[in-house]
Structure formats: C-alpha cells, structure tokens
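The values are calculated or read from the model by the stated rules, or taken from the named source; none is laboratory data. Bear in mind that the values here come from a model prediction, so they are computed numbers and not experimental data. Here the Cβ positions follow ideal geometry from the backbone for every residue, glycine too, while neighbour counts run over all protein chains shown.
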Amino acid sequence: MHAVLPPLNDVALRGDQELGQPAGSRPINVCFVIDELRTGGTETQLLRMIASFDSRRVRPHLCLLDGTSEASRRLEPITCPVIRLGVRKLLSATAIRQARRFCRTLKSWKIDLVQVHFPDSTYFGVAAAKWAGAPCIVRTRRDLFYWVTPVQRRWGRLLDQCYNRWWVDAMVVNSAAVKEAALDQERPAPARIEMIPNGLDVAAYRRTDSSDPPRRSPRIGMLAMLRPEKRVDVFIEAARLVAARRPDVTFHIAGDGPERSRAEALIHQAALTQQVQLLGPIADVPGFLADLDVAVLCSDTEGLSNAILEYMAAGLPIVATAVGGNLELLEHRRTAWLVPPGDAAALADAVVEILGDADLRQRLGLSAQRVVAAEFDVRAVAGRFQDLYADLVRAAARRGRRSPRL
C-alpha cells in the first residue's frame, strides 16, 4: 500500500505496512517524534538514520509535532509513514486534540518503540506514547541545552526527572559532554544512558584527490547554523586579521539563521565585503567542502558537531574551538588545530600557519578522515540503534509490555 492522505488533516502516510505480527517475527516498528524537519544537526541525523536502517530489522515511522511548513514538508522521507500534527503550543486545545489523534496513530501503526527529540516533542510525545500503551520509550539528547532559559530549565528539569524516572526506558546521547550535562540537569539513571555518536555517509564526502585544489586564492570556510553560540562574529574578526597578513585569502560561510543580519553588518563594518561571502543554506555540502583549503568551527559550545564530522570526512584541515564534543572528536595537532573559544587572534594565527604548510594540511586532513571512517560511518551507527531497539523490545516483552492493538 502506498497512500497519501489528503492535506485536510495535515497528514501524509507513506510506505508499506505489515501489521498484526509480534515484534519478534517482523521488523520493529519505531516512531520518531520531532518538532519539524530542517537542515539542522539533529534533524539531519534523524533523516540519515531513517535512510540507513536495515528494513529487515527496523521499520521507521515519523511524527512531526508541527511539520506544516513547506520547508519541513520538502524534507520528509518518502520511505516511511509521516504524520504532521500542526501543534505549535503545548498548552493548547490543539495539542490535546492532536495527542488523541497521535495515540490512535501509534495503535494503528502497531508501534513497538517511540523515540523523541527536543523538549517540546519530548514532553508531548512521552506522555502520549505512555497513554497509547507504547511498550518502549527512548529519549534523545544531542546538545548541551545552551539555549534553554532559566524558567524553562527550572520547570523542564522537574518534568525531565519525572519522565526519566517513570516513563523513559533509555536516553540516547551522542557524546560524553552531553552525557555529563544530562546527568547534571535531568538526573536519569546512569544505566539507562546509551552513548551512540552521530553518523555520516563518509564515502559521499571523500576527496578523490588529497592534494590542495589548484587555485590562486585559498578558501577558508565555515558550515554552521547562524546562531549566537556559533560565534560568526569571531569568524569575521579572524577573517579581518588573516586578510591583513594574507590578502589573497577568501572566506565562505554556508548556513543561515538569526545571526545572518548581524553577520552582514559586521562584514560591512570590517570592510570585508570582497573577501567574505555569506552563502546561505546550501544543498551540496560535499561540493562546498571540496572547494575549501581550511575548515573552521568557532562555536562557544558543541555537543557532537555534524559540521566537524563532515569536515573530517572531506579530509580537510580543521581549526576548531576546544569545547564540548570537539574535544572528543579531535586531537590537537593530530586531526585538527584547537583554539580557545572566543579568541579570534588564536583562530587567525592557526589559519595562517596551516595555510603556510602544505604538509601539515595534508597530515591533518588524512588523519581526521581515517578517524571518521573508522568510528562514525552511518551504517555502523544505525546498527547500534537497531541493537538498542531490539534489546529494549525484548526487555519490554519479558515485562509483559506488548505493542498496542486496535
């Protein structure tokens, strides 16, 4: 069956269904709950996992808490059922009405396990999944929650601790830094935390030629959502310092976000309009990276950066800040050049030094590429998720929890 329900209810159902069998004799039905789809880190990771699962082991389903924007709809996978709920406020009549609808959908899909992402989808999805009788519930945390306000942190911590104690079977984190933050902020049982890194289709990023691109003007690039913690201001100040010493260098920022207008103003104030380009969102990330000489990420905080993984897969020499998950991914002077956060001068010095040493560029790039290929390939990461799901579903069956029936 390949059906698309009318947009009247903001629902799209896609993919084949084999329902009514026990989870042990069919693929595990997993429903992923997330606010919406965009070209961000967590959303990108989820879509990669959905595309990489072994269909003999896992059948993915997708619930979008909102998902009504055209940008989100364009990113919907065509290989699994999708439901859009159109919920933008949790404390609303719409949320209550859609929670009932979501419960009915979980039962009709015979969901064995619900995995939630982001706070709003977690608060909504965990309660609704429990109400629907879903046998297993998994939380996902991929960042340090740097953006949470004090009020959200206080009330969220209370809800998180209740959810983690009573309703959540496992929490997946992607780095030791995120695990430490989760233990401090949410206090889940340590035994319920599973650390599974981000995954990447490494082959799609690999350069066929490890030498520098033939070009007169070296190119320095950054791939990031333009949010305050990404510190595009530090990148632009470093560009000014590098340009004073190497006027032949150009700088390229791929990504969009709330800091874009500020970045434009800073570029203009620094008289760098000819040297620095704001490219906005890009569809061909491997192509963008293949044209760079040095890749930069100057964030104040990181969980486990997708951009860093992409830089590594592309075999690029990397200059990054020594924060969060970067310290788990990168080793100073072996796979990258690490600098203190907020230090534009140190960032500029590192870029100039790497540009001036072809052997160093090649050594850093190849070392990073070997690491990402060995530890972060998306198929291996998907396999770890599949193993976790199987363990949780088996444990739920032993406790007498079964997939909800119609």
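Of note:
- Filter pass, Ser52 being under 20 Å from the mean Cα position of the chain (by Cα) and surrounded by fewer than 17 Cβ atoms within 10 Å (Cβ to Cβ): no
- Unique residue being surrounded by 14 or more Cβ atoms within 10 Å (Cβ to Cβ) and in a helix (DSSP H, G or I) when the list is Ala99, Ala71: Ala99
- From the options Lys89, Lys107, residue that is closer than 16 Å to Trp131 by Cα and not hydrophobic (A, V, I, L, M, F, W, C): Lys107
- The residues on offer are Leu364, Leu392, and the sole one that is buried (at least 17 other Cβ atoms within 10 Å of the Cβ), hydrophobic (A, V, I, L, M, F, W, C) and more than 30 Å from Ser217 (Cβ to Cβ) is Leu392.
- Entry remark, segment 367-389: residues being small (Gly, Ala, Ser), under 30 Å from Asp112 (Cα atoms) and surrounded by fewer than 20 Cβ atoms within 10 Å (Cβ to Cβ) number 2 in total.
- Per the listing Arg157, Arg153, Arg187, Arg206, the residue uniquely farther than 20 Å from Ala129 by Cβ, at pLDDT below 90 and outside the structural domain of Trp131 (by TED's automatic domain parsing) is Arg206.
- Scanning segment 294-304 for residues that are at pLDDT 95 or above, not charged (D, E, K, R) and not in a strand (DSSP E or B) returns Cys298, Ser299.
- Qualifying residue in segment 232-245 (condition: closer than 27 Å to Met49 by Cβ and modelled with pLDDT of 90 or more): no
- All positions within segment 335-357 that are within 25 Å of the chain's Cα centre (by Cα) and either closer than 20 Å to Val371 by Cβ or among the acidic types (Asp, Glu) (or both): Thr335, Ala336, Trp337, Leu338, Val339
- Annotation: Pro218 fulfils all but one of (1) modelled with pLDDT of 95 or more; (2) closer than 30 Å to Ser175 by Cβ; the unmet one is (2).
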